[in-house]
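K.L.:
Would you mind keeping the following structure in view while I ask a few things?
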């Protein structure tokens, strides 16, 4: 049987958290598919399930029930080590707060995920990281620490780090949320350019309709389900 083109295939996802004696239903039968190479925005009010969904899509958490296939791999039955492995091989993360190591250089931050690779040596890892930092326009900031860079530059480091393992999918959670409009536009141009150049699937959580308008499709969540798409 030929593999389908869906890099994300989620069917009837439920996620329930226990908060003391109360059950909190974060996802309530959510189903969605995303195609390889697609650029998709995820929107919805606070409490709609966006963060829970991103954690599941990024293999940081598992659904209480339902089926999730990431690049045709069945995720929901994996143990912690298997989830860590697929996360490292398939997923890149870009966060609103950058999540960089403040005492490490841009180069060291980008090289960090490569530590878990069992192939290549340190010099190969350095070359991969340097090439990515050049690609995101930071050739003159390779040895600078985050405290020596602007917010936009720090987010470029985070994007380079997200791409360092050549992932199939990049999850960006409010990637322009802490940036001024000019820097935010530059970051979106960079992400969309990398999508066109490398074919990486891009899923962006955003509250900004102007950001969503730049994507190919918007999935709106409400009460833990897909409310509508546009």
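K.L.:
Does any residue in the stretch 71-93 that is on the phi > 0 side of the Ramachandran plot and surrounded by 13 or more Cβ atoms within 10 Å (Cβ to Cβ) come within less than 7 Å, Cβ to Cβ, of a residue that is modelled with pLDDT of 90 or more and not in a helix (DSSP H, G or I) six or more places away or on a different chain, and which pairs are these?
P.N.:
Between residues of the stretch 71-93 that are on the phi > 0 side of the Ramachandran plot and surrounded by 13 or more Cβ atoms within 10 Å (Cβ to Cβ) and residues that are modelled with pLDDT of 90 or more and not in a helix (DSSP H, G or I), the close pairs are 71/7; 71/168.
K.L.:
Where residues in the stretch 60-70 are in a loop (DSSP other than H, G, I, E, B) and in contact (Cβ under 8 Å) with a residue 24 or more places away in the chain, which of them is farthest from residue 149 (Cα to Cα)?
P.N.:
Ranking the candidates gives 64 first.
K.L.:
Collect the residues in the stretch 157-185 that are touching a helix residue (DSSP H, G or I) at 6+ places or on another chain (Cβ under 7 Å) and part of a helix (DSSP H, G or I), keeping them in residue-number order.
P.N.:
157, 159, 160, 161, 163, 183
K.L.:
On to the next question. Limited to the stretch 186-208, what total is found for residues that are more than 22 Å from residue 70 (Cα to Cα), in a helix (DSSP H, G or I) and touching a residue at least 40 places away in the same chain (Cβ under 8 Å)?
P.N.:
Residues that pass the stated criteria total 1.
K.L.:
Got a number for residues in the stretch 98-116 being surrounded by fewer than 17 Cβ atoms within 10 Å (Cβ to Cβ), over 13 Å from the mean Cα position of the chain (by Cα) and in contact (Cβ under 8 Å) with a residue 12 or more places away in the chain?
P.N.:
6
K.L.:
Can residue 115 be described as closer than 29 Å to residue 65 by Cα, at pLDDT below 95 and in a helix (DSSP H, G or I)?
P.N.:
So residue 115 does not fit the description; no.
K.L.:
Criterion first (modelled with pLDDT under 95 and touching a strand residue (DSSP E or B) at 6+ places or on another chain (Cβ under 7 Å)) does residue 163 satisfy it?
P.N.:
yes
K.L.:
Here's something else I'd like to know. Yes or no: residue 143 out of contact with any strand residue (DSSP E or B) (no Cβ under 9 Å at 6 or more places or on another chain) and modelled with pLDDT of 90 or more?
P.N.:
yes
K.L.:
Provide a single number: the residues in the stretch 199-230 that are surrounded by 15 or more Cβ atoms within 10 Å (Cβ to Cβ) and under 22 Å from residue 99 (Cβ atoms).
P.N.:
9
K.L.:
Could you tell me whether residue 108 is closer than 27 Å to residue 54 by Cα, touching a helix residue (DSSP H, G or I) at 6+ places or on another chain (Cβ under 7 Å) and assigned to a helix (DSSP H, G or I)?
P.N.:
no
K.L.:
Any idea which of 177, 151 is over 27 Å from residue 7 (Cβ atoms) and under 21 Å from the mean Cα position of the chain (by Cα)?
P.N.:
That would be 151, the only listed residue that is over 27 Å from residue 7 (Cβ atoms) and under 21 Å from the mean Cα position of the chain (by Cα).
K.L.:
Yes or no: the stretch 47-59 includes at least one residue that is in contact (Cβ under 8 Å) with a residue 24 or more places away in the chain, touching a helix residue (DSSP H, G or I) at 6+ places or on another chain (Cβ under 8 Å) and farther than 19 Å from residue 218 by Cα.
P.N.:
Within the stretch 47-59, one or more residues are in contact (Cβ under 8 Å) with a residue 24 or more places away in the chain, touching a helix residue (DSSP H, G or I) at 6+ places or on another chain (Cβ under 8 Å) and farther than 19 Å from residue 218 by Cα.
K.L.:
Something else now. Anything in the stretch 117-132 that is within 23 Å of the chain's Cα centre (by Cα) and farther than 20 Å from residue 88 by Cβ? List them, or say none.
P.N.:
Matches in the stretch 117-132: 130 only.
The values are calculated or read from the model by the stated rules, or taken from the named source; none is laboratory data. Values in this document were obtained by computation on a predicted structure and should not be read as measured data. Methodologically, a virtual Cβ is constructed for each residue, glycine included, from the backbone with ideal geometry; neighbour enumeration extends over all protein chains shown.
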